[in-house]
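Chemist: The structure's right below; bear with me while I get my questions together.
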Number of protein chains: 2
Amino acid sequence: MIRTADKHAKIIEAAIRVFSRKGFFHARIADIAKEAQVADGTIYLYFNNKYDILISLFEEEIGKIILEVKLLLESEAGDDPRRMLRVFALHHLQLMDDRRELAEVLQMELRQSNKFMREYRLTKFSEYLDIISGIVKQGQGQGIFRPEVLPGVFKRAFFGALDETARLWVLSPDHPYSIEETANQITDVFIEGIIAADQT
Amino acid sequence: MIRTADKHAKIIEAAIRVFSRKGFFHARIADIAKEAQVADGTIYLYFNNKYDILISLFEEEIGKIILEVKLLLESEAGDDPRRMLRVFALHHLQLMDDRRELAEVLQMELRQSNKFMREYRLTKFSEYLDIISGIVKQGQGQGIFRPEVLPGVFKRAFFGALDETARLWVLSPDHPYSIEETANQITDVFIEGIIAADQT
DNA sequence: CAATAATGGGTGAGCCATCATTCACATTGT
DNA sequence: ACAATGTGAATGATGGCTCACCCATTATTG
């Protein structure tokens, strides 16, 4: 066969499209198979069951995103935690806008998943959030951010703010303000909110 | 008949418990019926179908919450938009903590629902978010908040921050910091972030 | 004021459509 | 030839929803 187009990847990509269109529960294995141009049975050569597709999808895609952001932070933000927050926010919103289908799946299904698969920990997702708390800790170490802000609370607040905004776009794709403008608005509020008084 | 305990309410309450335990898709009508101590068929005397239970649940419960907050804002926050944000945040987090089962349903199912029932608008939910943008506009009118902050962006950011924090508690109920502490942390950041420079 | 009829909320067994998963078989590459 | 890989029809379980049937209450009748 000529370079057997990686079936695993093909199935994941198909699953993103189908899950985004119909949601996990309404999506049929047959739909994914059709979209990926493979037989139903083939899917079970690469995944244990329907859930396994979803989880693999999460971990692999978030894994890629983490690599992307980390690279971007190094190349774009220098050592300034304020710029790091800005870069993170812009990247997150841009990603959600560029990859609508993936965004939709993450938005809609990621939360539920912890629920039924309690045994399964979404390790990559935690890692993604920890980038934010890492930035906060660094900023506090440099005396730029107020020390009394709890990094563990801030990371959730910041991520939640971004993600709730992104959901608006997923549901009604025509946004009134540009991505850059929105990202800056949100980051402005958070930076003003966390910055030390003597650091204007 | 002896005071026919309002079946509609009984079913909604049962549904909250069952949905929170198993999630909407895994919940069986039979489960809800059993929990509500009625027959399967009885549910269809009060609701059109399974989705209808979920939607009624949303609208009714969020409706109650809106009334609660509005009352609390009037009695506790005076005219100060900073206190209003604080009261809103504390109330939201306290609610999510007090009513775990409802919180779980709102957290997990509310987002999905827009998706499949695109025709259906979650009107009450929008109304809830608009309380926040109302506070922002008022604060800007009073010159206390910076005028360049977009209320429509702020409301999502603030709500998202609160809700993402609440989700942590839903998933792992033992929170490291108290509700008050967390609510204040988040509100501090947002108030510092939105307040006008001359208003310390 | 019985006796009878009408009403309508409540019931739950069973129908039937829907998929996830399997597996006997086919195809491909070495 | 034979692994390895891929196929898709068949299976079996599941669970939303229906509907023929109860029965308590209220209205009507003689």
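Chemist: Go through (1) part of a helix (DSSP H, G or I); (2) within 12 Å of DNA strand D (Cβ to nearest atom) and name the single condition A:Glu74 misses.
Modeler: (2)
Chemist: While we're on this one: Considering (1) within 16 Å of DNA strand D (Cβ to nearest atom); (2) in contact (Cβ under 8 Å) with a residue 12 or more places away in the chain; (3) within 30 Å of B:Lys155 (Cα to Cα), say which one B:Val69 fails and leave the rest.
Modeler: It is condition (1) that B:Val69 fails.
Chemist: Where residues in the stretch A:35-49 are of a type in the set (S, T, N, Q) and in contact (Cβ under 8 Å) with a residue 12 or more places away in the chain, which of them is nearest to A:Ile16 (Cα to Cα)?
Modeler: Across the stretch A:35-49, the extreme among qualifying residues is A:Gln37.
Chemist: A follow-up question, please. List the number of the failed condition for B:Ala33; all other conditions in (1) closer than 25 Å to A:Phe24 by Cβ; (2) within 8 Å of DNA strand C (Cβ to nearest atom); (3) aliphatic (A, V, I, L, M) hold.
Modeler: (1) is the only condition that B:Ala33 fails.
Chemist: If you take the residues in the stretch A:121-163 that are hydroxyl-bearing (Ser, Thr, Tyr) and surrounded by fewer than 16 Cβ atoms within 10 Å (Cβ to Cβ), which one is nearest to the chain's Cα centre (by Cα)?
Modeler: The residue in question is A:Ser126.
Chemist: When the stretch A:119-160 is examined, which residues are found to be more than 15 Å from A:Ile66 (Cα to Cα) and of a type in the set (Val, Ile, Thr)?
Modeler: Correct list: A:Val136, A:Ile144, A:Val149, A:Val153.
Chemist: Sort out which residues of the stretch B:107-129 are over 18 Å from A:Leu162 (Cα atoms) and at pLDDT 95 or above, and write them in order of number.
Modeler: Within the stretch B:107-129, B:Glu127, B:Tyr128 meet the criteria.
Chemist: Additional query: For the stretch A:1-57, which residues satisfy the criterion of being within 14 Å of chain B (Cβ to nearest Cβ), in contact with a Leu (Cβ under 9 Å, 6 or more places away or on another chain) and within 13 Å of DNA strand D (Cβ to nearest atom)?
Modeler: Answer for the stretch A:1-57, where residues must be within 14 Å of chain B (Cβ to nearest Cβ), in contact with a Leu (Cβ under 9 Å, 6 or more places away or on another chain) and within 13 Å of DNA strand D (Cβ to nearest atom): there is none.
Chemist: Another one. So B:Phe25 passes all but one of these: (1) modelled with pLDDT of 95 or more; (2) not in a helix (DSSP H, G or I). Which condition number does it fail?
Modeler: Tallying (1) modelled with pLDDT of 95 or more; (2) not in a helix (DSSP H, G or I), B:Phe25 fails exactly one: (1).
The values are calculated or read from the model by the stated rules, or taken from the named source; none is laboratory data. Note that this is a predicted model, so its numbers are computed, not measured. Using ideal geometry, Cβ is built from the backbone for each residue, glycine included, and neighbour counts are taken over all protein chains shown.
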